[in-house]
Amino acid sequence: MPVQLLKIIKGESETPLPSHLQKEDLKCLQEGFDYTNKYFQGAVILSYPLTKLRDGTDFFKVVLQDLNNSCSRINSINVLIYGKMAEDCAKVIRHGDTFVVAGFKLSKSPTAREDGRHGCHLEVSEEAGSGIYSVAPKYVYTPLNHLKDGTVVNLYGIVKFFKPPYVSKGTDYCSVVTLVDPSNAKLTCTLFSGNLDSLPKIYKIGDIVRFHRIKIREYNGQMQGITSGGFASLTFDGTVGAPVVPRTSSKLYTFLDEEHKTIEELRAWAASNLSISGPAAKLSGVQPMLFFDLTCQLVGKARVDGSSFLLKVWDGTKCPYPTWKVPVEARDLEGEKGLLHQLRHLTVDILVYDNHVQLAKSLKIGSFLRIYSIHAKQASTDNQDVSHVEFHLHGGTCYGRGIGVLPESNPDVKELKAFLESVDLADSQNVESMSSVELDGIFSNVTDLQSHLQRCQQLSVTVLTDHQDLNNTELKTILNSTAPQQYRIRAKLRTFKPQKLHQCIKLFCSRCNSLKEIPDGSDFDLILQDSAATAPNPELHNTSWYDSVMWTTQHQKQRKIAIHFVKHDEMLQEPEDTLLMIEGGTLKEVSKLSRRFKCVIPVRSTEDDLELLDLSAPFLLQGSVKYYGCKQCSTPKTIKSLSSLAAEQRPSWEPTEIAQVLGIVPLQYVFIMKFTLVDGTGALNAYLFDYEKFFQIPASEILTNGFLQQKMQMTMNTLCPPGRKLGDLPWLECFIKSYNITDGMKHQVYYQIFDTTVAEDVV
């Protein structure tokens, strides 16, 4: 029988001892009696190291003090524990704990005269049918603002910052965690252990920890926590509504119903008072020159040199930028070769350095990781203008850099596994995207490779996404045919307009089919300045569905600014999930808030409600993207209409949903270009009207993202290389459709590209 835990609630055991057991006092213990159905209860006052007997049996010795006769001359007894039970007890028994020993054998103690304890000792083992029960003590938890130097305390805290465990300068593992609690105090703890599993299993900012027996010391006027004898921890997901399941490697711990309430209260407080990061980034959302956390699966690894190590990972999404493939020898790359080839378009190479190398080497292929503070570095290949993104985990632990291994029971892992299983792993055979390692396994000799590359020069640089049953039609035939019809063509791009690619982005209204130019940022700034002339109406502040704050700027004009934070379930949300409305802000202030919060809506006060600004300004900002509404088709409603979205169980704050409840017909960002296509039989002008499918770049993001602009320019240089002769231009396979336009008495046929996309490996 393993060690079992008894929880004492109001003086009674929540899980009673077996009914056949009867309590025995220390003074009544006598040699020669049967104690199979008896138990003795006492407090641990001494324990000895776990050892092995000559026959290899584990042996553990503790001393229990009689709780009822602590003042007697002889008030303690030796307990000898054998076998698996000895190993289990050694892991959990601590000084001061109360233990129940049941079904024991009583034998004469050879050390009674020397140690002054009872003349007999208790012998227990699983083989003898013995049982040991740990009685859960009533713990007292200290708020962080009541900590005192030199004390050993129990506490709860919310993780505000942490460094994943790393190997210290000695042989121990070290982890650093900064905690806060509703007292608004802060405590930084430095935790050491020779056993990695005994350190807190913290996965993200916002997790909640419970520390038992942590030592407090004062350093430079600040309280700090350090591990002490008997230190133990539990970790909980800090997400409101998540299951309250402790994370720990310990087999024996206490967790009472009242502590369940403590976790829920800390979750609610953190959601309203702390800025807690959202989910880890996806590869599809990575931006160059930034640092990010990634939850992923390891599919390959390799030693690069003495100070760096390669991890090949994927998360089921595709990085939108060309990525660096670290050159390694095929024999050095660990991982299933077939899977590595199959995932070659979805994996990225992360190079880890210095103190992270030892842990990286020990990682198992197939394990799920959370890698903290990866650097997405923009770089160029030697002697080439083409840039790419490199992923580095730099040495040291600044900013929480490190690698964490997530168990398969982790909710984020369960979600990731389900997503990975749904990913279509259709195996593309385009050679241009393969690494040299992958090519080695496909082509048996140089001649095969050269002939394959020659064939690839004839491949199309575009991909058809539908209508595969259509046959190619010559342009001459299309030009001599009536409209409307659909065609599949194979042609070359002789020229395109506009040559300045930023001029091809327009705003389109799907209701009235009108096209608008992108408004200039200075126009938005002027609208904001005009609206700031109207002071916020205090009577509209702090409603049932949003909280408000207002302040006055310090410069001469003393501008008043009001921000209204939309609540959910009467609580403020994390910034990444929060929609806010702002009055009186400048363009710089509004832009800064939009990078920090989920959505920002510029508004102004009326007598009865908040309202949107003129639709010449964006009705919504999300990150760097500004969303506009059609003046002609929209019928704006007051901001109060948003309360219906706030009341939903999980408001997503999607721009289309926000526009709908506010009576806005949104304008969509589109690419508008004219391609002149030739195939040797004729030439025709075909228009490209696309949101993001053709270039695989969102039209809404390209104006504010220099890297995407560069990627689009590189794509067009590939489709229509400047300075090349017509015969040297690449082929494009496209679908085009013809349609009629009548303008007064004039009738004309136009052509539009559709269901076509640039091949993934063109750039």
Simple spin-label estimate for Asn195/Thr656, 7 Å along Cα→Cβ, in nm, reads 5.3
Along the dipole axis of segment 151-273 (charges at Cβ: +1 for Lys and Arg, -1 for Asp and Glu; origin at the Cα centre), the most positive-end residue among Pro164, Gly241, Ile202 is Pro164
Set of lysines with alpha-carbon distance to Lys725 below 17 Å, sequence-local pairs under 8 removed: Lys492
Cβ crowding within 10 Å averaged over residues, with 512-524, 183-195 ranked highest first: 183-195, 512-524
Using the heavy atoms of the protein chains and a 1.4 angstrom probe, tell me the accessible area per residue for segment 283-422 in square angstrom. 44
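Relative contact order for segment 8-135: what percent, with Cα pairs under 8 Å and sequence separation of 6 or more?
About 26 percent, as a whole number.
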Mean separation of Cα contacts under 8 Å, 6 or more apart, over the residue count of segment 283-422: relative contact order %: 30
Kirkwood hydrodynamic radius of the chain, from inverse mean 1/r over distinct Cα pairs, in Å: 31.9
Mean Cα-pair separation over length for segment 151-273, i.e. relative contact order, pairs under 8 Å, 6 or more apart, %: 24
When the expected Rg is taken as 2.2 N^0.38 Å, what fraction or multiple of it is the alpha-carbon Rg of segment 151-273? 1.01
Starting from the amide H of Ala759, placed 1.01 Å from N in the peptide plane, find each other amide H under 5 Å away whose residue is 5 or more places distant or on another chain. Thr462, Val463
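Leaving out ligands, DNA and RNA, and with a 1.4 Å probe, what % of the accessible surface on the chain is carbon or sulfur?
For the chain, the apolar C and S fraction of the accessible surface comes to 49 percent.
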Using the beta-carbon distance between Lys693 and Thr151 and R0 = 56 Å, what value does 1/(1 + (r/R0)^6) give for FRET efficiency, to the nearest 0.05? 0.30
Please find the FRET efficiency linking Trp551 to Arg303, where r is the Cβ-Cβ separation and R0 is fixed at 51 Å, and quote it to the nearest 0.05. 0.35
Regression test value, accessible area per residue of segment 151-273, probe 1.4 Å, units Å², expected 44
Using the basic label-point model (7 angstrom from Cα toward the beta carbon), what is the Ser249 to Thr262 distance in nanometres? 2.3
Using square roots of five times the C-alpha gyration tensor eigenvalues, list the equivalent-ellipsoid semi-axes of segment 513-587 in whole Å, biggest first. 25, 21, 11
Estimated dipole of segment 8-135 in Debye, rounded to 20 [Cβ of Lys and Arg +1, of Asp and Glu -1, Cα centre]: 320
For segment 521-664, with the dipole built from +1 on Lys and Arg beta-carbon atoms and -1 on Asp and Glu ones, taken about the Cα centre, which of Ala647, Gly663, Val549 lies farthest toward the positive end? Val549
Given the alpha-carbon gyration tensor of segment 521-664, what are the semi-axes of its equivalent ellipsoid in whole angstrom, ordered largest first, with each equal to the square root of 5 times an eigenvalue? 21, 18, 15
Hey, for a label at Phe565 modelled as a point 7 Å past Cα toward Cβ, could you say which residues of segment 180-204 have their backbone N under 14 Å away? none
Among Pro182, Cys512, Tyr253, the residue whose Cα sits farthest towards the positive end of the charge dipole of the chain (+1 at Cβ of Lys and Arg, -1 at Cβ of Asp and Glu, taken about the Cα centre) is Pro182
Please report, in debye to the nearest 20, how large the charge dipole of the chain is about its Cα centre when each Lys and Arg carries +1 at its beta carbon and each Asp and Glu carries -1 there. 1060
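Hey, got the dipole for segment 93-163? About the Cα centre, +1 on K and R Cβ, -1 on D and E Cβ, debye to the nearest 20?
In debye, rounded to 20, segment 93-163 gives about 320.
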Any of Lys261/Lys417; Lys560/Lys592; Lys318/Lys693 with alpha carbons more than 20 Å apart? Name them for me. Lys261/Lys417
Whole number please: convex hull volume per residue, Cα atoms of segment 8-135, in Å³. 118
In what sequence, highest mean first, do 324-333, 87-96, 229-238 appear when ranked by Cβ atoms within 10 angstrom? 229-238, 87-96, 324-333
Suppose we look only past 11 Å in the calculated P(r) of segment 33-84. What percent of the Cα-Cα pairs does that tail hold? 73
Show which aspartates and glutamates lie in cross-link reach of Lys711 when reach means a straight Cα distance below 16 angstrom and same-chain residues fewer than eight apart are skipped. Asp385, Glu390, Glu692, Glu701, Glu760, Asp761
Provide the FRET efficiency to the nearest 0.05 for the Gln529-Val678 pair, computing r from the beta carbons and using R0 = 45 Å. 0.30
Inter-centroid distance (Cα atoms) of segment 97-154 relative to segment 712-763, Å: 81
Phi angles of segment 399-415, converted by Karplus (6.51 cos²θ - 1.76 cosθ + 1.60, θ = phi - 60°) into ³J(HN,Hα) in whole Hz with x for Gly and Pro, give 6, x, 4, x, 10, x, 9, 9, x, 5, 7, 5, x, 5, 5, 4, 5
Checked segment 283-422 against the a/c 1.5 cut and the a/b vs b/c comparison, axes a ≥ b ≥ c from its Cα gyration tensor; verdict rounded
By how many nm would the segment from His747 to Ser19 lengthen if fully extended, with 0.36 nm per residue of separation less the alpha-carbon distance? 252.3 nm
State whether segment 484-531 is rounded, prolate or oblate according to the following rule on the C-alpha gyration tensor (a ≥ b ≥ c being the square roots of its eigenvalues): a/c under 1.5 gives rounded; otherwise a/b larger than b/c gives prolate, and the remaining case gives oblate. oblate
For segment 8-135, what does the accessible surface come to per residue with a 1.4 Å probe? Please give it in Å². 55
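The values are calculated or read from the model by the stated rules, or taken from the named source; none is laboratory data. Please read all numbers here as calculations on a predicted model, not as lab measurements. Don't worry about glycine lacking a Cβ; one is built from the backbone with ideal geometry, like all the others, and counts go over all protein chains shown. For accessibility, only protein heavy atoms count, side chains too; no ligands or nucleic acids. Shrake-Rupley method; radii C 1.70, N 1.55, O 1.52, S 1.80 Å.
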